[in-house]
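Right, one structure below, let's go through it.
The values are calculated or read from the model by the stated rules, or taken from the named source; none is laboratory data. Keep in mind the model is a prediction, meaning the values are calculated, not measured. Note: ideal-geometry Cβ built from the backbone for every residue, glycine included; neighbour counts use all protein chains shown. When the accessible area is computed, the model is the full protein with side chains, heavy atoms only, and any ligands, DNA or RNA have been set aside. Shrake-Rupley method; radii C 1.70, N 1.55, O 1.52, S 1.80 Å.
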Amino acid sequence: MSDPVFIGARIYRGSSYGAHHPLSIPRVPTVTDLCRTLGWLPTDRYRTSPCAKPGALYGFHSKDYITALQRSEVTQNTDLAYGLGTLSNPVFPEMYRRPATAAGGGLLAAELVRTGGVAYNPGGGTHHGLPDRANGFCYINEPVLTIQRLLQMGLTRIAYVDIDAHHCDGVAVAFHGSRQVRMISVHEDKRWPFTGALEDNAGGAALNIPVPRGFNDTEFDLILNDLILPAVDAHAPDAIYLQCGADAVTEDPLSRLTLSNRCHIRAVWALRPLASRLIVSGGGGYNPWSVGRAWACVWATLAGQEIPDRLPHDAEQILRGLRWTRRAHPTEQMLTTLLDPARPGPISDHVRSVVDALQPRIRGLGQGQAQHDPTVG
Ligand SMILES: [Zn+2]
């Protein structure tokens, strides 16, 4: 099996959704620079993401919408019929090319794992994008397009696991009722986009795991071991797509979950042996220090690199060089390390009841697949 590949691009460096947007911060550049400085990105492990051409996006998005998105990039005018030019989805200079590069990275990742392997596309994971409009900072739905490409290759069983703090509403639209794609999402309850309820199984294709504020590492381990891993295993996937959004950590300004980045590492580690192909993307993550640190840890885990207890000087300077207008300064610990301290805690009745409610459904998922799926040879 080939070595894991990191997919990046220059367009993430310097482009921004605007000074006041949560995505005004550098994310892919930070993780790329950290990994380079730490010696974790030899040239044969790094691939530059191509910018996807419009025709590659029509599998999920409407032609009219993609045309409107390209037009707004050129004219820099709003087009509210397509959700372009709102506070969440602003008009900005790279508003087509940047998300189309993230999508191109996902399509490249699919090709790279065609015969097996691991690909990491931290610019991807734009899970809110809808067929005919921008939604939740997402203009183009990279996870959907990447999974569609895997299916076009002839794979018939894909497990999509999403540990972003927000529900993957765009992905759920795409694969509602699918017997080939199993979507497993853990996300904060009662938070935008307010979809992904416990009872919502997306026509039998999804396991939705809404969790309460204050969700901690101990509770994440329970969800991982008792729900996520058994659900993936029951699907016997040809490929796993892990959306590894970094906004469920304590320091993130857009969620109230209180995980450490050790949870992201454990998810990567535990999912890796469950399929011969693994694609890992980024996603949310709105604190510049926590997102850069978490995603560097993810790459270290995929690439088999040891995470140092204390960062060497050059890597520390990358974190010290970050600026953030929205919040207070980071702790010294966030500037000198990559790995968070563990954030264990009690298992709440809420989380316990979610596990109890969903465990019987996992057993049903496996049986339903074996009995009813006509696409499996
Ligand atoms: Zn999110």
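Select from the stretch 50-85 those chymotrypsin sites (Phe, Trp or Tyr not before Pro) which occupy a DSSP coil region and have at most 14 other Cβ atoms within 10 Å, ordered by residue number. Numbers along the way, then the final one.
On the way: sites: Tyr58, Phe60, Tyr65, Tyr82; in loops: Tyr58, Phe60.
Of the chymotrypsin sites (Phe, Trp or Tyr not before Pro), the ones in loops of the stretch 50-85 whose Cβ has at most 14 other Cβ atoms within 10 Å are Tyr58.
Could you pull out the GluC sites (Glu not before Pro) across the stretch 161-235 that fall in loop regions by DSSP (anything but H, G, I, E, B) with no more than 16 other Cβ atoms inside 10 Å? Don't skip to the answer; put the middle values down first.
Details: sites: Glu188, Glu199, Glu219; in loops: Glu199.
Counting only loop positions with at most 16 other Cβ atoms within 10 Å, the GluC sites (Glu not before Pro) in the stretch 161-235 are Glu199.
Expressed in nm to one decimal, what extension gain is obtained for the pair Ala342 and Trp269 from 0.36 nm per residue of sequence separation less their Cα-Cα distance? List each step's numbers first, then the result.
Working: separation 73, 0.36 × 73 = 26.28 nm, distance 1.62 nm.
That works out to 24.7 nm of additional length.
Just from its helices, what would the mean residue ellipticity at 222 nm be for the chain, if runs of 4 or more DSSP H residues each count -39500 (n - 2.57) and the sum is divided by every residue, rounded to the nearest 500 deg cm²/dmol? Please report the intermediate quantities before stating the final value.
Values: 12 runs with 134 residues, N = 377.
So the calculated ellipticity at 222 nm is -11000 deg cm²/dmol.
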Could you give log10 I(q)/I(0) at q = 0.17, 0.18 Å⁻¹ for the stretch 139-237, computed by the Debye formula over C-alpha point scatterers of equal weight, without solvent? -0.74, -0.82
Take the Cα coordinates of the stretch 237-292, assign each an equal point scatterer, and use the Debye formula without solvent to give log10 I(q)/I(0) at q = 0.22, 0.26, 0.29, 0.30 Å⁻¹. -0.80, -0.98, -1.11, -1.16
Here, GluC sites (Glu not before Pro) of the stretch 43-123 satisfying both criteria (DSSP loop; at most 10 other Cβ within 10 Å) are none
Tell me, how many Å apart are the Cα centres for the stretch 262-282 and for the stretch 86-128? 18 Å
Obtain the nm distance between the two label points defined at Glu332 and Asp309 by a simple spin-label model: each point lies 7 Å from its Cα along the Cα-to-C-beta direction. 1.6 nm
Could you run the Debye sum over the Cα atoms of the stretch 1-148, one equal point scatterer each and no solvent, and tell me log10 of I(q)/I(0) at q = 0.15 Å⁻¹, two decimals? -0.74
Per its Cα gyration tensor (rounded if a/c is under 1.5, else prolate when a/b beats b/c, else oblate), the stretch 87-210 is best filed as oblate
For the charge dipole of the chain, defined by +1 on Lys and Arg C-beta atoms and -1 on Asp and Glu C-beta atoms about the Cα centroid, which residue among Gly106, Gly282, Leu224 has the Cα displaced farthest towards the positive pole? Gly106
Any idea of the accessible area per residue across the chain, 1.4 Å probe, to the nearest Å²? 39 Å²
Largest to smallest principal axis extent of the C-alpha atoms in the stretch 235-351, angstrom: 44, 38, 24
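Considering only protein heavy atoms and a 1.4 Å probe, what is the carbon-and-sulfur percentage of the accessible area of the chain? Don't skip to the answer; put the middle values down first.
Working: 7440 of 14520 Å².
Its accessible area is 51 percent carbon and sulfur atoms.
Roughly what % antiparallel, to the nearest 5, for the DSSP beta bridges in the chain? Before the final figure, lay out each step's value.
On the way: 3 of 35 bridges.
Expressed as a percentage, antiparallel bridges in the chain total about 10.
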Mind running the shape call on the chain? Use the C-alpha gyration tensor, a ≥ b ≥ c as the square roots of the eigenvalues: rounded below 1.5 for a/c, prolate if a/b tops b/c, oblate otherwise. rounded
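Using a Förster distance of 51 Å, how high is the FRET efficiency between Tyr46 and His20, based on the Cβ-Cβ distance and rounded to 0.05? Intermediate values should be presented prior to the final figure.
Values: r = 32 Å, r/R0 = 0.63.
It comes to 0.95.
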